[in-house]
Each structure stands twice: as C-alpha cells, then as structure tokens.
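The values are calculated or read from the model by the stated rules, or taken from the named source; none is laboratory data. This structure is a prediction, so every number in the text was calculated from the model and none was measured. Positions of Cβ are backbone-derived with ideal geometry, glycine not excepted, and every protein chain shown enters the neighbour counts. We work out accessible area using only protein heavy atoms, side chains counted, and drop any ligands, DNA or RNA first. Shrake-Rupley method; radii C 1.70, N 1.55, O 1.52, S 1.80 Å.
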Amino acid sequence: MKILLIGSGGREHALAWKLAKNPENRIVSAPGSPALAALGETRPVQADDLEALKALAAEIRPDLVLIGPELPLVLGLADILRAEGFPVFGPSKSAARIEGSKVFAKDFMIRHNLPTASYAVFYDVEEAQDFLRHSSFPVVLKADGLAAGKGVVICGKLSAALNALSSLASTGAGKSVIIESFLTGEEISFFGITDGKTILPLPSAQDHKAVYDDDRGPNTGGMGAYAPAPMMTPALRDHVMRDIMIPAVNGLAVEGSPFCGLLYAGLMVSLSGAKLLEFNARFGDPETQALMPLIESDLAEILMAAATGDLAGRTIRISPGTAACVVFSAEGYPGPYRRGDPITGLDAANARPDTVVFEAGVGRSPESLPVTNGGRVLGVTATGRNLKEALSKAYLACGDISFKGSHYRRDIGAKAYRLNLMCDDDG
Ligand code: AMP
Ligand code: GLY
C-alpha cells in the first residue's frame, strides 16, 4: 500500500515504523524527518500547507492518507483530500472541532450526556473576572482554540486565575475562555480507531505531562508514556466505551460530523468513574510511541478499513506485553530551547533487544550526524513482559544516549507502582 503520512514528529516516526514492518507498504512522509526518510521517502511540504499537500497527493496518488498532527485536521486537510477521492484516516474539519474548539467539545459533552467537569464559557473578560471572584479554588482555565499545549492553566487562587485570564485573553486561542472545576484522579489516554460507526479500542496509555519528576514543573507535550495502563480494568474499559466513546462517535454522526480516524479521550479516572478532560482528534504523542510496538495486526489494513467505512467485524491483535517510552527533551524545553547539539549513542540504544528510539526533534549535521532539532528530541521505547521489564530496558538504553543539556524524567511509570496497581508484575 502506498501511504502518504502527514507530519514529522515522534508519533509519525512510530506510526511509520509500524507500517514499515509490512514490506509491501511504501511510505511517503510530508514534511517528514531524517528518521522518516530512512523508512521511505520524504517531501518537503509543511503539514499545514493544504494546497501543496493536495498537489502532492495528486502527484503520488496514495492508496491511503494518514494525518498525524491536529493542525491540518482542524484546517480541513481530510476534507480536501477526500474530495479528491483519496481514502483518508483522519476526521473532517467539522469533526475535528472536538479538539480544535474546547467550547464546541464541552458543549458537545453536555449535549450527549458525557461525564465531564462542570464549566462555564465566557466571551467577556469582566464577566469571567466576576465569576472567578465568586469561585472556590482550584479552578481550571482553558482557551477555546488550539494553543500548542499552553491553553490550559490550573489556578490555585484568585490572583493566579486573574493573571491567567488576562494572558489567555490576549492570545488568539483565548477569544473565549472556559472556567472549569478541578478534577482529581489519574489521567489516562483512551484511543479508539473508528470509521464513524464502529470503534476498535486500543490499549490505554498513561502520559507524563509535567517536565520534571513527581509531576513538577510546567506542562509539556508529554515526557513519557507506557501502555497498557494497569488502571484500565476490563470494567473501566466497558464503562468508557459505553458511556463515553460510543455516545461520542454516535453523537458526532447524528450531528452530521461523522468522525473517521483516531478519537482520543483524555480521561481523569477516580473512584467515581472516568470523566472527560478533553477529546483529541488524532493519535497522542508520546502515547503512540508506546502503543505501536504492542500492535500485532497489520496497521495499514486497519487504518484503511477505518478510512473506507469498513471496520465492522474487525479485531485488532495486541501483544500481551507492556511498552514504555521515555522522552528526552532539549535544555530549556518547554521554554525556548537549544538546537544543533550533537547526539551520541542512538545506534547503541537501537541495538538493544526490544528497544527502538523514535526521533521527534532530531536533525542531521552537514556531516549527516544526528543533532538536536526540537524541544522534545526523541523517545526511547522498549517492550517487556510487564511494565517493570519494559522500563528497565528503556532506561538502560537511555544511558547510551547523550547530548548537551539533555533531560529526561527518571520516574516514568513510577506512579503505577506507587498506586500498587501492577496486576501483572511477576518480576
Ligand atoms: P486538556 O488540554 O484539556 O487535556 O488539559 C491539559 C491538562 O490540564 C490535562 O492533561 C490535565 O492534566 C489538566 N487538566 C485539564 N482539565 C482539568 C480539570 N478539569 N481538572 C484537573 N486537571 C485538568
Ligand atoms: N500526549 C498528549 C497529546 O498527545 O495531546
């Protein structure tokens, strides 16, 4: 199958790595990365350049288009390519509002009775200030539009909330602001591949958003993940499918925006059940890096079935093991960070058993040597019979890799131990 893969990050490297396991697949990535070039062909077309991507698709005539990041989905790339007759794995512009507009998403959750935190939407800063003055804390402030992970602020007291409100209101994404009650529990990422009717759930994953150990420091795009999440018991999974995923997919279809692609429910799980923090309209990053090594089925076949409305009756084979991904970030991330520092040890890490390094922000020097080229630089991923084994393999490989100012969390997966939820830990 000829697959046009849109994107360039660690998530796309993991998707392409899995797709390339079938030697019959040919992968063309746009814009791609050096790691993606090693798995196929890359074309220097940016993921948000819709006209150029349309022209690229017309030229290469892919059998399937797989859209990685949210921005092209929210801009409507899937609609444009579908209108040209290409099967696309990724929702329409209208369905991608579930991620692109938090106001749309929250109102949708209420319309369809999906469990989520109570909230109010404000279009006027003074009204929002007044509401905050009468709120109990903590509260969560969310800008409406895509904000590259910077649109959510948790505020412990009024002064912080008022400051956060004025900085959100000053961004393009913050023309309207949601003020939401604060939820406690464990965060879980729940992924379903769907054709708009049938949903194939994938193993649940747990991301680690804060930059430092023990969830300290500012939030990032994600500093590590493991899958499956031991918290996701069969009963909880049934609850999430019955009360969140199925009504969400049906609700989007009923509203005239059928969702074809990967529906990602960001959940807060507590003793009272699962509540939605957000929906995303695409694979998670770095959760995908932990998920791909666990999928045994032919991924291209399943994505094609989803893209062509043919998922009914299909299953997906998942390995019984666990995978863990530890993300290396560049000095300064998630603030301004360094680029261009030489990276050593990638070959040694990749040579270890059951281990693969997914490159997110890795460029090449003029001598073709790997150098840092992004805030999240790479994700060291390993599989094992259980979480303990996967983590120990991943951390051993982390020891091989170095670059100036490198940082990675030492406690990926530690929470699962602390919570004593390791059901399968025989090690
Ligand atoms: P979101 O983009 O809505 O998922 O928010 C980003 C992060 O903010 C989430 O991954 C949570 O860690 C946190 N967050 C969002 N909403 C809430 C909430 N209502 N209560 C507690 N934490 C939240
Ligand atoms: N890992 C969080 C995200 O992909 O949004």
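I'd like the residue in segment 231-265 that is open to solvent by 20 Å² or more (accessible area, probe 1.4 Å) and either within 16 Å of ligand 1 (Cβ to nearest atom) or part of a loop (DSSP other than H, G, I, E, B) (or both) and, out of all such residues, is nearest to Val211 (Cα to Cα).
That would be Met231.
Have a look at Ala210, Ala161, Ala205 and point out the one that is more than 16 Å from ligand 2 (Cβ to nearest atom), open to solvent by less than 30 Å² (accessible area, probe 1.4 Å) and in contact with a Ser or Thr (Cβ under 8 Å, 6 or more places away or on another chain).
Residue meeting the stated conditions: Ala161.
Could you grab me the full set of residues in segment 355-381 that are within 19 Å of Lys18 (Cβ to Cβ) and without any contact (Cβ under 8 Å) to a residue 60 or more places away in the chain?
Thr355, Val357, Val380
Considering only residues that are surrounded by 18 or more Cβ atoms within 10 Å (Cβ to Cβ) and over 18 Å from Gly256 (Cβ atoms), which ones fall in segment 76-87?
Leu77, Ile80, Leu81, Phe86, Pro87
Do you know which residues across segment 272-315 are away from ligand 1 (no atom under 16 Å from the Cβ) and assigned to a loop (DSSP other than H, G, I, E, B)?
Glu296, Ser297, Asp298, Thr308, Gly309, Asp310, Leu311, Ala312, Gly313, Arg314, Thr315
Of the numbered conditions (1) within 15 Å of ligand 1 (Cβ to nearest atom); (2) without any contact (Cβ under 8 Å) to a residue 40 or more places away in the chain; (3) assigned to a helix (DSSP H, G or I), Ile154 fails exactly one; give the number of that condition.
(3) is the only condition that Ile154 fails.
Being within 16 Å of ligand 2 (Cβ to nearest atom), open to solvent by less than 10 Å² (accessible area, probe 1.4 Å) and within 16 Å of Gly196 (Cβ to Cβ) is the filter here, so list the residues in segment 266-308 that pass it.
Phe279, Ala281
Against the definition (within 16 Å of ligand 2 (Cβ to nearest atom) and either over 29 Å from Lys93 (Cα atoms) or in a strand (DSSP E or B) (or both)), how does Gln129 come out, yes or no?
no
Could you please find all residues in segment 143-158 being of a type in the set (Gly, Ala, Ser) and crowded, with 22+ Cβ neighbours inside 10 Å?
Of everything in segment 143-158, just one residue is of a type in the set (Gly, Ala, Ser) and crowded, with 22+ Cβ neighbours inside 10 Å, namely Ala143.
State the number of residues belonging to segment 1-57 that are crowded, with 24+ Cβ neighbours inside 10 Å and of a type in the set (Lys, Arg).
Adding up the residues that qualify gives 1.
Select from segment 184-194 the residues that are polar (S, T, N, Q), more than 14 Å from ligand 2 (Cβ to nearest atom) and either in a strand (DSSP E or B) or without any contact (Cβ under 8 Å) to a residue 12 or more places away in the chain (or both) and list them in ascending order.
Answer for segment 184-194, where residues must be polar (S, T, N, Q), more than 14 Å from ligand 2 (Cβ to nearest atom) and either in a strand (DSSP E or B) or without any contact (Cβ under 8 Å) to a residue 12 or more places away in the chain (or both): just Thr194.
Sort out which residues of segment 213-230 are within 15 Å of ligand 1 (Cβ to nearest atom), assigned to a loop (DSSP other than H, G, I, E, B) and either open to solvent by 30 Å² or more (accessible area, probe 1.4 Å) or free of Cβ contacts under 8 Å to residues at least 24 places away in the same chain (or both), and write them in order of number.
Result: Gly221, single match.
Of all residues in segment 92-108, which are touching a helix residue (DSSP H, G or I) at 6+ places or on another chain (Cβ under 8 Å) and either open to solvent by less than 10 Å² (accessible area, probe 1.4 Å) or on the phi > 0 side of the Ramachandran plot (or both)?
Within segment 92-108, Ala95, Ala96, Ile98, Ala105, Phe108 qualify.
Per-residue answers, yes or no, for (1) without any contact (Cβ under 8 Å) to a residue 12 or more places away in the chain; (2) in contact with a Cys (Cβ under 7 Å, 6 or more places away or on another chain); (3) not in a strand (DSSP E or B):
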residue: Val140; (1), (2), (3): no, no, no
residue: Leu165; (1), (2), (3): no, no, yes
residue: Ile179; (1), (2), (3): no, no, no
residue: Gly196; (1), (2), (3): no, yes, yes
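Could you pull out the residue among Lys150, Lys106 that is of a type outside the set (Phe, Trp, Tyr), within 16 Å of ligand 2 (Cβ to nearest atom) and farther than 28 Å from Ala312 by Cβ?
One residue alone meets the criteria, Lys150.
Could you please find all residues in segment 63-75 being outside any helix (DSSP H, G or I) and open to solvent by 10 Å² or more (accessible area, probe 1.4 Å)?
Residues satisfying the conditions are Asp63, Pro69.
Taking the residues in segment 178-202 that are aliphatic (A, V, I, L, M) and within 13 Å of ligand 1 (Cβ to nearest atom) as candidates, determine which candidate is surrounded by the fewest Cβ atoms within 10 Å (Cβ to Cβ).
Only one residue fits best here, namely Leu183.
May I ask you to list pairs of residues, at least six apart or on different chains, whose Cβ atoms are under 8 Å apart, with the first in segment 100-118 being more than 24 Å from Leu71 (Cα to Cα) and the second being away from ligand 1 (no atom under 12 Å from the Cβ) and at pLDDT below 95?
Within 8 Å, the pairs are Pro115/Gly273.
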